[in-house]
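Enquirer: Have a look at this one before I ask anything.
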2 protein chains.
Amino acid sequence: MRANGPLDAETILSATEDVLRRYGPAKATVVDVGKELGVSHAAVYKHFPSKAALRDAVSRRWLNRDRDALAAIASDTEIPPPRRLRSWLVALLAAKRAKAHDEPELFAAYQLLVTGNSAAAIDHVADLLGQLEAVLADGMADGSFRRADPAETARAVFTATTRFHHPGLAGSWTQPGIEHELDVVCALLLDGLR
Amino acid sequence: MRANGPLDAETILSATEDVLRRYGPAKATVVDVGKELGVSHAAVYKHFPSKAALRDAVSRRWLNRDRDALAAIASDTEIPPPRRLRSWLVALLAAKRAKAHDEPELFAAYQLLVTGNSAAAIDHVADLLGQLEAVLADGMADGSFRRADPAETARAVFTATTRFHHPGLAGSWTQPGIEHELDVVCALLLDGLR
DNA sequence: ACGGTTACAGATTTCAGATTTTGTATTCTG
DNA sequence: CAGAATACAAAATCTGAAATCTGTAACCGT
């Protein structure tokens, strides 16, 4: 049911998120979203040009929700860059795994975006790469990492940890040894960075 | 059509491979395999307990087909271990990509096995890990790699290159920069190995 | 008995027709 | 006129009956 006042994008996003959580991305329709808001589905189209755009916007908001915790680690100059990199990667895995486990339907919606090369997914990766690059740049500046192209190196580190953050591989995030596996890969990468 | 003489497992595998190539894993049926052999589908069940077992056996044979080329690199003691590791990883990507491109239906069948945790897929990975471990052990023996648990290190290297060999990520193997990306990751890993 | 066929039950897939859903255009209401 | 409802066409999805497929058992012919 609609709260009151005129309909705005943010309200629609929340309703869509609820509907998505309830029915999952395969079943949720924009008619459902309208029903949730006590409004016709056409009203939703006044604010979003298509269902795809709506899903994209929901996922973008959802992804940004724990973005800040990660960004906080990346920019915490108290921690020396090597440990910071490790913490960041561990936190990334933890965050992704928590999302996959606690909100399976929204995670499934996100997976669809990734396989569909949607803008939200691309932007999300770009954001993470940016954070990674900052940590690497800090380390190169203070001498704890060998000098190299920070952007390229960030991409390499991100790629080398694909197994721990790519949503298509989420199925194996529950297997027991994974924390240790990340540890070993981290160690290898940190040694490689200097 | 059946060649002649009694039906044997190898003949069935070849027929199944043809059928799979023609119809793809989604459409291919055991009845098709029988037709291909000029035999009833029940005859096939005399040699394989289930359709799953049949698919498993076909994929196993298909995967083993270019296993030897890779094994040859892994055990070529002429090449110093660091360069050997790099060559092996490059060859692995090339082989996987060629299979995905040239035999999409058989590759799709293999993808299904992987997502279903089939024995063929598990054994295939174990085989590759063994080859990797051998290269690493050689390098540790001759001092070009830091000493460490070779099995664990092999798994870490394999994990760090997931993006380049996991069939679930095959969709992105055609994107232009990938060779270079592997190069950068390789460099990072080689530095990490010492 | 060996190497295969035919027969069959239950699960799965197919396909056409009915229903929903998406997205747009027009209409209504305050 | 702004904000939303209704109406509607084309596309996608659902449904359920018919067909096919899987796996087993009982049955030939040599």
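Enquirer: Answer yes or no: is there a residue in segment A:31-50 that is in a helix (DSSP H, G or I), at pLDDT 95 or above and within 22 Å of A:A121 (Cα to Cα).
Expert: The answer is no, given that none of the residues of segment A:31-50 is in a helix (DSSP H, G or I), at pLDDT 95 or above and within 22 Å of A:A121 (Cα to Cα).
Enquirer: Of all residues in segment B:131-145, which are loosely packed, with under 14 Cβ neighbours inside 10 Å and either under 21 Å from B:A94 (Cβ atoms) or touching a residue at least 24 places away in the same chain (Cβ under 8 Å) (or both)?
Expert: Listed by number, the list holds a single entry, B:D142.
Enquirer: Moving on to the next point. With the requirement that a residue be in contact with a helix residue (DSSP H, G or I) (Cβ under 7 Å, 6 or more places away or on another chain) and within 16 Å of DNA strand D (Cβ to nearest atom), what does segment A:39-96 give you?
Expert: Hits for segment A:39-96 are A:S40, A:H41, A:A43, A:V44, A:H47, A:F48, A:K51, A:L54, A:R55.
Enquirer: Quick one: B:R194 ticks every box in (1) more than 8 Å from chain A (Cβ to nearest Cβ); (2) open to solvent by 50 Å² or more (accessible area, probe 1.4 Å) except a single one, so which number is it?
Expert: Going through (1) more than 8 Å from chain A (Cβ to nearest Cβ); (2) open to solvent by 50 Å² or more (accessible area, probe 1.4 Å) one by one, B:R194 breaks only (1).
Enquirer: Condition (residue is farther than 13 Å from B:E105 by Cβ and outside any helix (DSSP H, G or I)) applied to segment B:9-27: is it met by at least one residue?
Expert: no
Enquirer: I need a count of the residues in segment B:31-84 that are buried (at least 18 other Cβ atoms within 10 Å of the Cβ) and small (G, A, S).
Expert: Residues flagged as buried (at least 18 other Cβ atoms within 10 Å of the Cβ) and small (G, A, S) within segment B:31-84 amount to 4.
Enquirer: Quick check on segment B:128-183: of everything there that is of a type in the set (S, T, N, Q) and not in a helix (DSSP H, G or I), which residue is nearest to the other protein chains (Cβ to nearest Cβ)?
Expert: Ranking the candidates gives B:T161 first.
Enquirer: So if I check each of A:R155, A:R97, A:R146, A:R163, which one is more than 26 Å from A:S59 (Cα to Cα), among the charged types (D, E, K, R) and not assigned by TED's automatic domain parsing to the domain that holds A:G24?
Expert: Step by step, each of A:R155, A:R97, A:R146, A:R163 is checked, and only A:R146 is more than 26 Å from A:S59 (Cα to Cα), among the charged types (D, E, K, R) and not assigned by TED's automatic domain parsing to the domain that holds A:G24.
Enquirer: Tally up the residues in segment B:33-73 that are of a type in the set (K, R) and more than 20 Å from the chain's Cα centre (by Cα), please.
Expert: Of the residues in segment B:33-73, 3 are of a type in the set (K, R) and more than 20 Å from the chain's Cα centre (by Cα).
Enquirer: Determine whether A:L113 is in contact (Cβ under 8 Å) with a residue 12 or more places away in the chain and away from DNA strand D (no atom under 16 Å from the Cβ).
Expert: no
Enquirer: Could I ask something else about it? Cβ-Cβ under 8 Å, sequence separation 6+ or interchain: first residue in segment B:33-59 and small (G, A, S), partner open to solvent by less than 20 Å² (accessible area, probe 1.4 Å) and within 10 Å of DNA strand C (Cβ to nearest atom). Which pairs?
Expert: Close Cβ pairs (under 8 Å, with a partner that is open to solvent by less than 20 Å² (accessible area, probe 1.4 Å) and within 10 Å of DNA strand C (Cβ to nearest atom)) amount to B:G34/B:V44; B:S40/B:G34; B:A42/B:G34; B:A43/B:G34; B:A43/B:L37.
Enquirer: Is it the case, given these coordinates, that A:A28 is within 10 Å of DNA strand C (Cβ to nearest atom), crowded, with 19+ Cβ neighbours inside 10 Å, small (G, A, S) and on the phi < 0 side of the Ramachandran plot?
Expert: Yes.
Enquirer: Give just the number: which of (1) open to solvent by 30 Å² or more (accessible area, probe 1.4 Å); (2) in contact (Cβ under 8 Å) with a residue 40 or more places away in the chain; (3) not hydroxyl-bearing (S, T, Y) does A:L89 not satisfy?
Expert: In the conditions (1) open to solvent by 30 Å² or more (accessible area, probe 1.4 Å); (2) in contact (Cβ under 8 Å) with a residue 40 or more places away in the chain; (3) not hydroxyl-bearing (S, T, Y), A:L89 misses (1) alone.
The values are calculated or read from the model by the stated rules, or taken from the named source; none is laboratory data. Since we're looking at a predicted model, the values are computed, not measured. Quick reminder, even Gly has a Cβ in these numbers, built from the backbone with ideal geometry, and neighbours come from all protein chains shown. Quick note on the areas: whole protein, heavy atoms, side chains included, nothing else; ligands and nucleic acids left out. Shrake-Rupley method; radii C 1.70, N 1.55, O 1.52, S 1.80 Å.
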